[in-house]
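Here the structure comes first, spelled out in structure tokens, and everything after it is commentary.
The values are calculated or read from the model by the stated rules, or taken from the named source; none is laboratory data. These numbers come from a predicted model, not from an experiment. Every residue, glycine among them, receives a Cβ derived from its backbone with ideal geometry; neighbour counts consider all protein chains shown.
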Amino acid sequence: MADDPSPIPGIDISVPRSARVWNYWLGGKDNYEVDRAAADAYTEIFPGIVDIARVSRYWLGRTVRYLAGEKGVRQFLDVGSGLPTVDNTHEIAQRVTPDARIVYVDHDPLVLAHARALLTSTPEGATAYVHADLREPAAILEQAAGTLDLSRPVGLMLIGVLGHIEDYDEARSIVSALMGGLAPGSYLTLYDGIDSDVYVKANDFYNSQGGIPYISRSPERIAGYFEGLDLVEPGVVELSRWRPEPNDLNSRTPVDAHGGVGRKP
């Protein structure tokens with residue numbers, strides 16, 4: 001492995017960060033030795049995390065194509081977007097509908113440093129980046145309104161991020177506040193890891209390394225985020241079971257993660 005690049009000012013490379021660890025699992029290069037060491041140790045405990053990283057990307061593609069292609073959603077709010085990689089939300093959506101508008105939200109300084117890679121757009125559409133914390137839903141909505149028309153339906157994306165909110169009731173209140181600021185006809189797209197024994201063991205290790213903790217939850221609790229919404233079939237299920245595409249063999253691996261899509265009445 002080549003020497004790490006000089007850290008960007010404001011970025012703490014003394015502890016692993018989930019966005020950088022996830023980038024490493026996806027084969028990216030925007031990570032540091034502390035992230036790679038934590039990721040490798042995590043994988044020794046739970047090798048299935050690499051499948052989750054890969055399968056969740058295919059799942060994201062299916063959900064965005066469903067919303068943009070079948071439901072006519074032209075606006076997306078991707079909260080906890082992480083580091084840019086292949087097939088980001090705007091790239092998927094704008095291939096279906098070039099006039100789609102996308103706002104990304106994250107609070108990791110490294111994501112901010114690479115946000116320019118998320119700001120490419122078709123001439124007809126738009127992308128923007130908001131540097132904000134998931135725990136600040138009002139601030140997120142206020143800043144997102146600079147690019148999105150919140151009086152029209154929005155696809156809210158919460159992709160593997162709510163496990164970073166340790167208190168379940170707080171996590172549910174964040175979802176409620178974000179969806180509460182969106183128009184009827186908006187959609188929630190969400191997944192998180194489930195609390196299998198090996199996943200919990202790996203998370204306990206990761207949480208001991210000093211980074212932002214991640215808490216995997218039961219399928220029932222993940223489903224609880226969709227209370228009050230109309231679930232799209234087949235509901236909240238293991239990711240490879242959510243509307244698999246006939247030729248998408250890469251997404252067929254069962255993983256310890258559940259997700260779904262729900263519509264705001």
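Tell me, which strands (runs of 3 or more DSSP E) lie completely within region 84-173 with 3 or more residues that are surrounded by fewer than 23 Cβ atoms within 10 Å (Cβ to Cβ) and either without any contact (Cβ under 8 Å) to a residue 40 or more places away in the chain or over 18 Å from the mean Cα position of the chain (by Cα) (or both)? Can you show your working first?
Numbers: elements: 101-106, 126-131, 155-159.
Answer list for region 84-173: 126-131.
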Give just the number: which of (1) surrounded by fewer than 24 Cβ atoms within 10 Å (Cβ to Cβ); (2) at pLDDT below 95; (3) not β-branched (V, I, T) does G72 not satisfy?
(2)
I'm trying to understand the selection: among the residues of region 22-49, which are within 23 Å of E91 (Cα to Cα), free of Cβ contacts under 8 Å to residues at least 60 places away in the same chain and assigned to a helix (DSSP H, G or I)?
Y24, W25
All conditions in (1) aromatic (F, W, Y); (2) under 30 Å from N203 (Cα atoms); (3) assigned to a helix (DSSP H, G or I); (4) modelled with pLDDT of 95 or more are true of Y58 except (4)
Can you name the residue in region 185-214 that is assigned to a loop (DSSP other than H, G, I, E, B) and modelled with pLDDT of 95 or more and is also surrounded by the most Cβ atoms within 10 Å (Cβ to Cβ) among such residues?
S186
Inspect all residues belonging to region 129-146 and state whether any of them is among the hydroxyl-bearing types (S, T, Y) and modelled with pLDDT under 95.
yes
Residues (part of a strand (DSSP E or B) and surrounded by 14 or more Cβ atoms within 10 Å (Cβ to Cβ)) located in region 215-264:
R217, L231, V237, E238, A257, H258, G259, G260, V261, G262, R263
Tell me whether region 164-179 contains one or more residues that are in contact with a helix residue (DSSP H, G or I) (Cβ under 6 Å, 6 or more places away or on another chain) and under 20 Å from L60 (Cα atoms).
yes
